[in-house]
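The values are calculated or read from the model by the stated rules, or taken from the named source; none is laboratory data. The model shown is predicted, which means the values in this text are computed figures rather than measured ones. In this analysis, Cβ positions are derived from the backbone assuming ideal geometry, glycine residues included, and neighbour counts consider all displayed protein chains.
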Amino acid sequence: VRLKRLYLHGFKSFATPVELCFDRGITAVVGPNGSGKSNIADAIRWALGEQSYGSLRGRQASDVIFAGGPGRAPLGMAEVSLTLEQEGESLGLPFTEITVTRRVFRDGESHYLINGKRVRLRDVLQLTASLGPDYTVIGQGLVDAVLSQRPADRRGLFEHAAGIAGLRLRQDEASAHLAQAEANAVRLEDLLRELE
Ligand code: ATP
């Protein structure tokens, strides 16, 4: 799986729409301090469903929306589209190119799209999990964070690297269903007892 394109509009410092195309091999992004290099890495993680605004160097959803600049009014929406290219169907979808889009509005409402179709966050997380070790964004400070993380969080990183994060997602869902079914069973037993 290869990262092919990244489109940003209204995300952090990217007020005007920008499209970045990535060739095969290594891509280096260079620029002065504060010019938005890390914002590009943030955008990739955000489009792939990142839920922690703290790890995106913000506090809340609206922090990723362009806040205005010299002679430029703030925007009402941030949008990032990430295009991945796959050989075969390793991402579990029958397309060569998969574009994941995430939008957020100032009121915090979020939309996720895969190839232009509205999907749930869960679908995006499933896709991200199936990227497994192909996708790891090592941001500034991650090394420190890894060293100081709680063991459970650290295990999450290794699980992601080993490509089993998707299985954990399904396991969590299955556990939730099981708990619901157990609660239903208890309720049914109560009802039966009342009828007896
Ligand atoms: P360094 O080399 O210092 O790490 P960098 O190129 O990685 O810098 P970033 O951290 O990506 O820079 O960008 C920081 C810039 O993004 C700051 O100028 C900050 O004001 C701007 N920025 C962040 N969030 C927003 C926002 N919501 N609206 C407008 N600008 C923003």
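Taking the range 69-109, which residues are under 18 Å from Glu50 (Cβ atoms), assigned to a strand (DSSP E or B) and more than 16 Å from the ligand (Cβ to nearest atom)?
Ser81, Leu82, Thr83, Leu84, Ile98, Thr99, Val100, Thr101 - these are the residues of the range 69-109 that are under 18 Å from Glu50 (Cβ atoms), assigned to a strand (DSSP E or B) and more than 16 Å from the ligand (Cβ to nearest atom).
Identify the residue in the range 91-105 that is in contact with a helix residue (DSSP H, G or I) (Cβ under 7 Å, 6 or more places away or on another chain) and modelled with pLDDT under 95 and, among all such residues, is surrounded by the fewest Cβ atoms within 10 Å (Cβ to Cβ).
Gly92
Cβ-Cβ below 8 Å, separation at least six or inter-chain, first residue in the range 165-192 and in contact (Cβ under 8 Å) with a residue 24 or more places away in the chain, second basic (Lys, Arg) and in a helix (DSSP H, G or I): which pairs?
Pairs found: Leu169/Arg122.
If a residue has to be in a loop (DSSP other than H, G, I, E, B) and either at pLDDT below 90 or away from the ligand (no atom under 13 Å from the Cβ) (or both) to count, how many in the range 33-59 make the cut?
So in the range 33-59, the residues in a loop (DSSP other than H, G, I, E, B) come out as 33-36, 48-53, 57-59.
Add one more test, that the residue is either at pLDDT below 90 or away from the ligand (no atom under 13 Å from the Cβ) (or both), and what stays is 48-53, 57-59.
Qualifying residue count for the region: 9.
Which ones in the range 1-48 are under 21 Å from Gly132 (Cα atoms), among the basic types (Lys, Arg) and touching a Phe, Trp or Tyr at 6+ places or on another chain (Cβ under 9 Å)?
Selection gives Arg2, Lys4, Arg5.
Could you tell me whether the range 8-15 includes any residue that is among the aromatic types (Phe, Trp, Tyr) and touching a residue at least 60 places away in the same chain (Cβ under 8 Å)?
yes
Let me spell it out: the conditions are (1) part of a helix (DSSP H, G or I); (2) more than 14 Å from the ligand (Cβ to nearest atom), and Tyr112 meets all of them except one. Which number is the exception?
That leaves (1) as the condition not met.
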